[in-house]
Each structure stands twice: as structure tokens, then as C-alpha cells.
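Below is one structure; the comments refer to it alone.
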Amino acid sequence: MNNKRVSDIKRAQKTSLLYRTIATLLSETMRENKELSNLFVNRVELSPDKSNCNVFFCALGGEEEFKEKLPHLILFKPSLRAALAKAINGRYTPQIVFKFDVTFDKIQRIEQILEDIKNDNNENKDRD
């Protein structure tokens, strides 16, 4: 049981390091490259076998904008993976998979629903 806890801690540390490194590298690339503006790294997940690193993005224009910019992101994947290999000491460098993060959109929808409810309650109080 103790080994599982240690491996969970190591996984969390590696995921955190991957997130910081990827976010830094991509933010520098996005500043220089107009095709990648309005994209933000939201989170990073490491697969259980540590072979894949899913990088989740949110985009100001939603999923459609992310899909438009995905081919440009894919062009940077080899250099990003090479930079990760240099930055992270490890036996293997995970494959990078870019994905759109639907969590951000869900949060925005929930906030909009709550705002609508709040406005409806305020209107009902004004009528009374």
C-alpha cells in the first residue's frame, strides 16, 4: 500500500511538472505565433501507464476555434516533445495528445444558469 501512495505522489509531481513545462513552452510559442492566439492550456493528464500526456485547451471561440487551430498545434508537437525530454528527467517522454477541455464550457453554462435564476428571483421580488 505504501508503494501505491509513493507512486501516486510521483505521478502528481510529474503531472504538475508536465503542466508547468508545457504551459510555459506553449505560451511562448503562442506569443510569437498569431495562429495560436486565444488558446490556453487548462490542464494536463498523464495516462496510467505514463505513455500519453493529454493536454487540454480552452479557447475564447470555443471548440470550433480549437479545431481550426489544432493543425497549427500539431506542427509544434515534435519540438514540444523534444523540449519536454530535456526539461524532465525520465526514462521516457510521453506522447502528447491535444484535446479541447469541455469542462470550461460546462462551468460557463452553469454560471449562466445561476445568473439567470438570480435575475428571475430579483424580478419576482420586484413584482411583489
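The values are calculated or read from the model by the stated rules, or taken from the named source; none is laboratory data. Everything numeric here is computed off the predicted structure, so don't read it as measured data. Quick reminder, even Gly has a Cβ in these numbers, built from the backbone with ideal geometry, and neighbours come from all protein chains shown.
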Looking across region 39-51 at residues that are buried (at least 17 other Cβ atoms within 10 Å of the Cβ) and under 14 Å from ALA23 (Cβ atoms), the single one that is farthest from the chain's Cα centre (by Cα) is LEU39
Log entry, pairs with first residue in region 19-41 being closer than 14 Å to ILE74 by Cα, second being polar (S, T, N, Q), beta carbons closer than 7 Å, six or more apart or on different chains, reads MET30/SER37; LEU36/THR29
Checked region 78-108 for anything within 14 Å of LEU18 (Cβ to Cβ) and polar (S, T, N, Q); matches are ASN89, THR93, GLN95
Those residues of region 3-24 that are modelled with pLDDT under 85 and of a type in the set (A, V, I, L, M, F, W, C) come to a total of 3
Worksheet entry | Condition met for ASP116 (surrounded by fewer than 14 Cβ atoms within 10 Å (Cβ to Cβ) and farther than 22 Å from SER16 by Cβ) | yes
Scanning region 74-93 for residues that are farther than 19 Å from ASN33 by Cα, surrounded by 15 or more Cβ atoms within 10 Å (Cβ to Cβ) and of a type in the set (A, V, I, L, M) gives LEU84, ALA87
Of the residues in region 37-59, those that are modelled with pLDDT under 90, among the hydrophobic types (A, V, I, L, M, F, W, C) and out of contact with any Phe, Trp or Tyr (no Cβ under 8 Å at 6 or more places or on another chain) come to LEU46
### Message
Here is a check on your reading of the model: is PRO71 more than 27 Å from ARG11 (Cα to Cα), at pLDDT 90 or above and either loosely packed, with under 12 Cβ neighbours inside 10 Å or touching a Pro at 6+ places or on another chain (Cβ under 6 Å) (or both)?
### Response
yes
Next on the checklist: Going residue by residue through region 52-60, is there one that turns out to be more than 15 Å from the chain's Cα centre (by Cα), surrounded by fewer than 13 Cβ atoms within 10 Å (Cβ to Cβ) and either closer than 26 Å to GLN108 by Cβ or of a type in the set (A, V, I, L, M) (or both)?
Outcome noted: no
Scanning region 97-112 for residues that are hydrophobic (A, V, I, L, M, F, W, C) and either touching a Phe, Trp or Tyr at 6+ places or on another chain (Cβ under 8 Å) or over 18 Å from LYS77 (Cα atoms) (or both) gives PHE98, PHE100, VAL102, PHE104, ILE107, ILE110
